[in-house]
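One structure is given here, and the rest of the page talks about it.
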């Protein structure tokens, strides 16, 4: 009998929403502010997904490092697409590279975005407090920038719109920097990319604008999640690059150390014969 996946998905979705709601309430009880609770929840989720972030970051880094080999294979098998794909897949498998790795964390997080949005629309059902403190950095996190900003301008209180505008700018800017951080090559040259990389990079470049758009239309609380997630992820990737670079730097220094010569090839110790001849010449004078 074939299971009804639609009916199975509904309980799973409800469990995810309830889990996020309970987690948000847990952090709220420590610091009774919705914004702080969202930040702490975001950091907790980012730590849980760190293994995925580590794998994705190193895979994209490896993709950039094998570009010379990819270009060589493309040049040699230019007229044979089937053999070209086989050779590229073999190279990716050998080096542990996944060309689509950059999109994987986004796909995993999508259910979390919608579940958190559902929680923020009904905070009274999940947070044990009355009233709930929803003000954070001058924003009401239950409002969307698309409603708060026009209301602020229509009422003449322009300063009330500034925090929402800054949040949107920060989300888009952090998204673009995150993409720059993950797609730049070791020497800063972004040229010579494969068609797969170019397609993926096009999609990734659109994502910050997409986040900016949905942050404009949805509640500011979800925008705080996006801003915190991007900032924390930038820090995680910087740490991964630093650790990997330090390890490779150690190997490079070890390799650069001159090898010791065999005893037969070692230079003679003590003063050389030429030095003795020079000293004798000086004495005769």
Exercise. Output the residue which, of all residues in region 188-218 that are closer than 24 Å to residue 89 by Cα and touching a helix residue (DSSP H, G or I) at 6+ places or on another chain (Cβ under 6 Å), is modelled with the lowest pLDDT.
Key: 192
Quiz prompt | Failed condition for residue 185, given (1) surrounded by 14 or more Cβ atoms within 10 Å (Cβ to Cβ); (2) modelled with pLDDT under 80; (3) part of a helix (DSSP H, G or I) | solution = (3)
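Taking the criterion of being touching a strand residue (DSSP E or B) at 6+ places or on another chain (Cβ under 9 Å) and either closer than 30 Å to residue 140 by Cβ or at pLDDT below 75 (or both), would at least one residue in region 8-22 satisfy it? Working first, answer last.
Filtering region 8-22 down to residues touching a strand residue (DSSP E or B) at 6+ places or on another chain (Cβ under 9 Å) leaves none.
Within region 8-22, not a single residue is touching a strand residue (DSSP E or B) at 6+ places or on another chain (Cβ under 9 Å) and either closer than 30 Å to residue 140 by Cβ or at pLDDT below 75 (or both).
Here are 142, 134, 123: which of them is touching a residue at least 24 places away in the same chain (Cβ under 8 Å), within 30 Å of residue 160 (Cβ to Cβ) and in contact with a strand residue (DSSP E or B) (Cβ under 7 Å, 6 or more places away or on another chain)? Steps first, please.
Numbers: 142 fails: in contact with a strand residue (DSSP E or B) (Cβ under 7 Å, 6 or more places away or on another chain); 123 fails: in contact with a strand residue (DSSP E or B) (Cβ under 7 Å, 6 or more places away or on another chain).
Exactly one residue qualifies, and that residue is 134.
The values are calculated or read from the model by the stated rules, or taken from the named source; none is laboratory data. Computed from a predicted model, the values in this text were never measured in an experiment. With ideal geometry, Cβ positions are generated from the backbone for all residues, glycine too; neighbour counts draw on all protein chains shown.
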